[in-house]
């Protein structure tokens, strides 16, 4: 029995693993539920876990630099549309995405996956290139945040927020014009009119984006230490199977009508509307089912100066997790 530590955020996709309903064959796992910022920092900087949820951007950038200390499996624990993460200061006067050109825009880390997706959408749909914006990195609510995977993209104006300053505060005060943040800033939650979303009907914009592109943006994948993979190559497919089974349980729960699994009164209606737009398997794992999405992201990484060459998707995942046996 191989002992492993695996860190992930809390979600329905991993609940059956964390609570022991699914026990991967041959593995004795200590599951560590942590917030993603902590997981990424501790795994990237200190390799504290045997496997973990990990930033897709962080992984692709590492691989582009020749660092293969982590091996990814195509299990995508976090996905999210990203129109809703773009906020603007009322003082900026910005009403359209095109007006971001020449502005100061904050974001926690330039290379973070969510920001790569948001910038890709802004360029593809609205002509706003990364080179057209001045980017300010910093902590959303706590000063002094620094990237877990530092980058210096050529041709990009990139700096840090002043000492002691937070992006949420700078946005409210109009000292940055806009903000890209997957976490909702406190200055927006105060609802005092100083901060608003760039897209007024965010949810309609995101549904339209999927209808046009068929892309459901991937944020995180799962990585395993190279030293474990080299000694126990069977671990990759074993974990992929276990995560896949946990996902299937979570998907079935969403269709439960006898007792709702979460406190959303119209959960079943929401599931039916989502399935009508995206199909019943709207959160697929595996490479082939996600190839257009992965290729779009690889293209954005290169276009935004984060990698010298566009990553080749089939080189990012072991062959054992791309093509598997069938009955």
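List of remarks:
- Note on the range 171-188 and the range 36-93: Cα centroid distance 21 Å, given to the nearest whole angstrom.
- Where a label projected 7 Å from the Cα of residue 249 along Cα→Cβ would reach, residues of the range 24-41 with amide N under 19 Å: 24-34
- Folded to 0 to 90 degrees: helix 267-278 orientation relative to the chain principal axis, Cα: 90
- Between the range 192-252 and the range 116-132, the alpha-carbon center distance in angstrom: 21
- Pairwise Cα distances in the range 83-213 exceed 24 Å for 22 percent of all pairs.
- The range 138-222: relative contact order in percent, alpha carbon pairs under 8 Å with at least 6 residues between: 22
- If you wrap the tightest convex hull around every Cα atom of the range 203-274 and split its volume per residue, you get 136 Å³.
- Binned Cα-Cα distances of the range 31-154, short to long, each 10 Å bin given as a whole percent: 11, 40, 33, 14, 2
- With the helix formula -39500 (n - 2.57) applied to DSSP H stretches of n ≥ 4, the chain reaches a computed 222 nm mean residue ellipticity of -10500 deg cm²/dmol.
- Between helix 291-303 and the chain there is an angle of about 40 degrees, using the helix long axis and the longest principal axis of the Cα atoms.
- Using the Cβ-Cβ distance between residue 268 and residue 126 with R0 = 45 Å, the FRET efficiency computed as 1/(1 + (r/R0)^6) comes to roughly 0.80.
- In range of the label at residue 287: residues from the range 48-84 whose backbone nitrogen is under 16 Å from the point 7 Å along Cα→Cβ: 60, 63-64, 71-76
- Neighbour-count order for 109, 227, 123, fewest beta carbons within 10 angstrom listed first: 227, 123, 109
- The ranking of 297, 148 from fewest to most other beta carbons within 10 Å of each one's beta carbon is 148, 297.
- With viscosity 1.567 mPa s and temperature 4 °C, the Kirkwood radius over alpha carbon pairs of the range 206-327 converts through Stokes-Einstein to a diffusion coefficient of 76 µm²/s.
- The slack between residue 295 and residue 196, meaning 0.36 nm per residue of separation minus the straight C-alpha distance, is 32.5 nm.
- The range 1-22 residues near the modelled residue 234 label - backbone nitrogen below 14 Å, point 7 Å along Cα→Cβ: 1-3
- Computing Cα extents along the principal axes in Å directly from the structure and comparing it against [x] 57, 43, 42; [y] 72, 48, 31; [z] 58, 49, 34 singles out [z].
- Measuring r between the beta carbons of residue 2 and residue 69 and using R0 = 25 Å, the FRET efficiency lands at 0.85.
- For the chain, the relative contact order works out to 25 percent when only alpha carbon pairs closer than 8 Å and six or more residues apart are counted.
No lab work stands behind these numbers, since they all come straight from the coordinates. Source: prediction; values computed, not measured. Glycine gets a Cβ as well: all are built from the backbone with ideal geometry, and neighbour counts include every protein chain shown.
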